[in-house]
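Down below is the structure, laid out as structure tokens.
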Amino acid sequence: MDVTKIASDLYASGFDWILQNPGDAFLVVLFFTVVLAVLGVAGISGNRGAVSRRLAGDTVSVGGVGEGPRLRYESRDGFWNDLVGAIEKRVPLIDEMNRSLIQRRLLQAGFAGPGVVRNYYAIRFIMTVGLPAVFLLLAPLFGISLSNQNVLLVPLALCIVGLYLPSFWLSRRIASRQRAIREGFPDALDMMVVCVEAGLGLDAAFNRVGSELVRAHPALATQFALVALELRAGKTRSDALRNLGDRVGLDDVTGFVTLLIQSDELGTSISQALSVHADEMRNKRMMRAEELAHKLPVKLTIPLIVFILPCMITVILLPGIIGIMRIILPALQGG
């Protein structure tokens, strides 16, 4: 029995089936592409909160009082990890030169865990390969001839889209998360000032503020909870605070971290330093709101000119135009 001949016959029959049933083949490829993408996103999302792995990998409530943010680490060993491992054996997914940069961006987006970088590159690879394949199977359904050279540029464009779309989505998520943390940071500082002035230490203040901000600012509460967990795990206060600045990536948080580290090293009053910094953050938030309000008239100019001004000109000039068409034009033609 010739195994090579049998394999070639099966390949040829499968290719003929694709040509005869392009619609069914497209649905099959689309189904597997969507399933792989969903599994990849679930694999990244399921690895959040890797710091709490030291607490036996179970769900942990951070904060001694009240219900704190719940951090969880889940190890996912299944079809997705097997698929990524099979792909890695044939294709070098991870760019080692940019690994630390991607890992930092994933942390800033809220994804943490040992496999998030690999899952990110796997999703990008699947989208880069899957989008052109879906188009090539979909094109015959719409009567598009693949022999045209201009049509062949579309798969190349889809490859580029699949390559850069995950990075674009990650940037948007980082910006959204940083915006939420920036808006809630002054409130967190005010609560921290109250806690420190009431007699709590800085470590206990992080615990308390993290547990109180779960509903109002969950992203910021998670970051404070991670600081509390790192301090309980034995990290120094300066290292835990620097990790907070790296995870968030905001200048406001970096300034706050620097302030606390310097106050701790120099022995100055943390309560007074936090009060001054909280006033500054509150003023900066008010200035950002005033800046957005001042930009509003300028942004409204374009829709006013494009949509409202033509309507106003039409309403004003239309009676005169009708009068000219009814009276002056017939008089000129009769003369």
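Since every read-out is calculated from the coordinates, none of them should be taken as a lab result. This one's a predicted model, so the numbers in the text were calculated from it and none came from an experiment. For neighbour counting, all protein chains shown are included, and Cβ atoms are generated from backbone atoms with ideal geometry for every residue, glycine included.
What distance in nm separates the simple spin-label points at Leu165 and Val91, each placed 7 Å from Cα in the Cβ direction?
Each label point is offset 7 Å from its Cα along the Cβ direction, giving 1.4 nm.
Taking 0.36 nm per intervening residue step and subtracting the Cα-Cα distance, what contour gain separates Ala198 from Val151 on full extension?
Length difference between fully extended and current span is 10.0 nm.
I'd like the trypsin sites (Lys or Arg not before Pro) in region 191-250 restricted to DSSP loop residues with at most 10 other Cβ atoms within 10 Å, sorted by number.
Answer by residue number: Arg215.
At 7 Å along Cα-to-Cβ for each site, give me the label-to-label distance between Asn98 and Glu290 in nm.
4.1
I need the calculated FRET efficiency for the pair Arg215 and Thr236, taking r as the beta carbon distance and R₀ as 30 Å, to the nearest 0.05. Let's see the in-between values first.
Working: r = 31 Å, r/R0 = 1.03.
Here the calculated transfer efficiency is 0.45.
How big is region 243-334 on each of its three principal axes, counting only the C-alpha atoms and giving the largest first in Å?
Largest to smallest, the principal-axis extents are 99, 24, 11 Å.
Once both labels are modelled 7 Å past Cα along the beta-carbon direction, what's the Lys299-Gln262 spacing in nm?
Output for this residue pair reads 3.4 nm.
By count of other Cβ within 10 Å, fewest leading, how are Val194, Val248 ordered?
So the residues, fewest neighbours to most, are Val194, Val248.
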